[in-house]
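The values are calculated or read from the model by the stated rules, or taken from the named source; none is laboratory data. Treat the numbers as computed from the prediction; the structure is a model and nothing was measured. Cβ placement follows ideal geometry from the backbone for every residue including glycine, while neighbour counts extend to all protein chains displayed. SASA here: full protein model, heavy atoms, side chains in, ligands and nucleic acids out. Shrake-Rupley method; radii C 1.70, N 1.55, O 1.52, S 1.80 Å.
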Amino acid sequence: MNENAVSDLRGHVRGGVVTPGDEGYDEARKVYNAMIDKRPAVIIRCADVADVITAVKAAGKENLPIAIRCGSHSVPGFGTADNAVVVDLSRMKGVRVDPPSRTVWAEGGCTWGDFNHATHAFGLATTGGIISTTGIAGLTLGGGIGYLTRGCGLSLDNLISADVVLADGSFVTASEKSHPDLFWALRGGGGNFGVVTSFQYKLQPVNDIVGGVMLFEVEDAPKVMRAYNEYITNAPRELGAFFAWQIAPPLPFIPENRHGDTFCAMVVCWAGAQDQAAKAIAPFRESAHVVAEYIGHMPYPGMNSLFDGLVPPGLQHYWKAVYVRDLTDGAIEAHMRFGPKVPVVNSTIHIYPINGAVHEVAAEATAFGHRDAKYATVVAGMWPDPKQNEANIRWVKDYYAALAPHSERGGYINFAASDEVDRVGANFGSNFDQLRKLKAKYDPNNRFRINQNIVPA
Ligand SMILES: Cc1cc2nc3c(=O)[nH]c(=O)nc-3n(C[C@H](O)[C@H](O)[C@H](O)COP(=O)(O)OP(=O)(O)OC[C@H]3O[C@@H](n4cnc5c(N)ncnc54)[C@H](O)[C@@H]3O)c2cc1C
């Protein structure tokens, strides 16, 4: 970016402007996935909406792409790019809860930890991710899968409105009544349509929950998966649960002689009446011998940060994702070939249910294009040592290749890798053509292209 443009930015931006050569540039260009090493033209640490407008207009004037950053958790590193304008919202963390209407406004730089902290004070919550450091923005705009999905729907199903800075720098509020086509596209189209500076969500009464994890022997995994597949179809909506593979970390609830062993796991979160919890999770407990268990009563934000320690910033990440209609015998066999080979304690695979309330929303009601799937599966390679990149990426790719014949062609855009351009359309699913038309309307020059990109029609 030329010097005049940079000095113009410094004069107008209230937050911070960081360019190559500035002290702090190397820190500012870092994202959560340590494998990503990009050199943006400028990083604009926005303090408010005015800064976002300035940043977007500057990118237009300089004809540079925009990378938007909220929680920075994008696994392909979409929160940065070479020679791009990074619009970093991570300082915009205002949250305002309106208890009587059970709604909340949260700025576009909040993490789920920020969000849950604010709403829990009122005994309220909505569907968010399972890790507290993930950003609300990227997660919501791509879908939003978490412990409350089966009861409350995806995060995007709970969106009431969004304040958006569009590609030309104009500002609109999108809702069912105002710019409804944009509101539709935002709910599943990812960061393709503009910078969301504030989200308004509806909330549900969720206070303390009963949740945690149970570990089973690897050889019992087919029994556990079958029990999960059968029970989750019609389980009570207050139950969130997912199947996982996990190497045992050195935690006190796991027998010491089993630390470092590989297990399959059921993670559960019961948000219903406390006295019903044991009954709600019994089908998992009874599916096979439970080797170790840590399940208890805790505040919902406690559950939302239970696994944060397994995914600190600075790991290398490579993930792949598929949507799945059913856990067939073939799918279970594929899981048994690669799950027990999970290479390191941070890596895992999760099979998240996206049924219940998600299936009650019509396929064309939002841009989210996979409401006919029962599960979103992610093979999440996460490891500390860059020297192990090749082996870990190989495990993810081989696992994915084994699952693919038993899965839909598309995968959840928020879990997808960036090296699968040929799958982007399938990842967006049934609403892709309409998304491309709206992209042409709202971002014809594809200014917002550092994402699972929807090329304008
Ligand atoms: C450890 C970990 C746990 C996860 N757990 C879950 C989970 O439980 N459930 C789930 O559904 N997903 C989960 N994900 C995936 C997650 O949804 C995506 O990584 C998502 O993109 C993260 O959003 P972010 O704001 O943190 O990321 P960022 O890297 O900041 O942004 C990702 C992309 O989102 C878009 N974006 C970000 N902010 C804005 C904004 N304000 N306006 C417009 N577009 C914006 C941009 O296109 C950007 O490129 C997890 C990811 C990780 C790494």
Give me the pairs: first residue in the range 84-96 and surrounded by 24 or more Cβ atoms within 10 Å (Cβ to Cβ), second residue of a type in the set (D, E, K, R), beta-carbon distance under 7 Å, and six or more apart or on different chains, which are they? Val86/Arg69; Val87/Arg69; Asp88/Arg45; Asp88/Arg69; Leu89/Arg69
Filter the range 48-72 for residues that are of a type in the set (D, E, K, R) and over 15 Å from Ser198 (Cβ atoms); which is surrounded by the most Cβ atoms within 10 Å (Cβ to Cβ)? Arg69
Considering (1) surrounded by 15 or more Cβ atoms within 10 Å (Cβ to Cβ); (2) in a helix (DSSP H, G or I), say which one Thr233 fails and leave the rest. (1)
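Is it the case that Gly330 is closer than 20 Å to Trp395 by Cα, open to solvent by less than 30 Å² (accessible area, probe 1.4 Å) and more than 14 Å from the ligand (Cβ to nearest atom)?
yes
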Can you go through Phe193, Phe183, Phe199 and tell me which one is out of contact with any Gly (no Cβ under 9 Å at 6 or more places or on another chain) and touching a residue at least 40 places away in the same chain (Cβ under 8 Å)? Phe193
Identify, from the list Phe193, Phe199, Phe171, the residue that is farther than 30 Å from Thr262 by Cβ and in contact with a Phe, Trp or Tyr (Cβ under 6 Å, 6 or more places away or on another chain). Phe193
Do we have any residue at all in the range 64-75 that's over 30 Å from Asp308 (Cα atoms) and of a type outside the set (Lys, Arg)? yes
Spans of helices (runs of 4 or more DSSP H) in the range 335-441 with at least 3 residues away from the ligand (no atom under 16 Å from the Cβ) and crowded, with 17+ Cβ neighbours inside 10 Å: 389-403
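Restrict the check to the range 175-190 and report whether at least one residue is within 13 Å of the ligand (Cβ to nearest atom), on the phi > 0 side of the Ramachandran plot and outside any helix (DSSP H, G or I).
Taking the range 175-190 first, the residues within 13 Å of the ligand (Cβ to nearest atom) are 182, 185-190.
Then drop every residue that is not on the phi > 0 side of the Ramachandran plot, which leaves 188, 190.
Next, only the ones that are outside any helix (DSSP H, G or I) stay: 188.
Checked the range 175-190: at least one residue is within 13 Å of the ligand (Cβ to nearest atom), on the phi > 0 side of the Ramachandran plot and outside any helix (DSSP H, G or I).
Would you say Val213 is touching a residue at least 40 places away in the same chain (Cβ under 8 Å) and open to solvent by 10 Å² or more (accessible area, probe 1.4 Å)? Step through it out loud before you land on a result.
Details: touching a residue at least 40 places away in the same chain (Cβ under 8 Å): yes; open to solvent by 10 Å² or more (accessible area, probe 1.4 Å): yes.
Judged against the criteria, Val213 is a match.
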Could you check, for the range 140-154, whether at least one of its residues is farther than 26 Å from Asp433 by Cα, touching a strand residue (DSSP E or B) at 6+ places or on another chain (Cβ under 9 Å) and at pLDDT below 95? no
Residue in the range 198-212 that is on the phi < 0 side of the Ramachandran plot, touching a strand residue (DSSP E or B) at 6+ places or on another chain (Cβ under 7 Å) and basic (Lys, Arg) present: yes
Looking only at the range 176-197, which residues are surrounded by 24 or more Cβ atoms within 10 Å (Cβ to Cβ) and of a type in the set (Phe, Trp, Tyr)? Phe193
Within the range 140-152, does at least one residue satisfy the condition of being among the polar types (S, T, N, Q), under 20 Å from Ala362 (Cα atoms), buried (at least 24 other Cβ atoms within 10 Å of the Cβ) and touching a residue at least 40 places away in the same chain (Cβ under 8 Å)? yes
Across the range 137-161, the tally of residues that are more than 13 Å from the ligand (Cβ to nearest atom) and closer than 17 Å to Ile413 by Cβ stands at 0
Counting just the residues of the range 1-11 that are over 10 Å from Ile44 (Cβ atoms) and in contact with a helix residue (DSSP H, G or I) (Cβ under 7 Å, 6 or more places away or on another chain), which one comes out least open to solvent (accessible area, probe 1.4 Å)? Ala5
Quick check on Val164: is it near the ligand (Cβ under 9 Å from one of its atoms), outside any loop (DSSP other than H, G, I, E, B) and in contact with an Asp or Glu (Cβ under 8 Å, 6 or more places away or on another chain)? no
Looking only at residues that are out of contact with any helix residue (DSSP H, G or I) (no Cβ under 7 Å at 6 or more places or on another chain) and of a type in the set (Val, Ile, Thr) in the range 47-65, which one is nearest to Gly16 (Cα to Cα)? Val52
Based on what the data block shows, is Gln200 part of a strand (DSSP E or B) and open to solvent by 20 Å² or more (accessible area, probe 1.4 Å)? yes
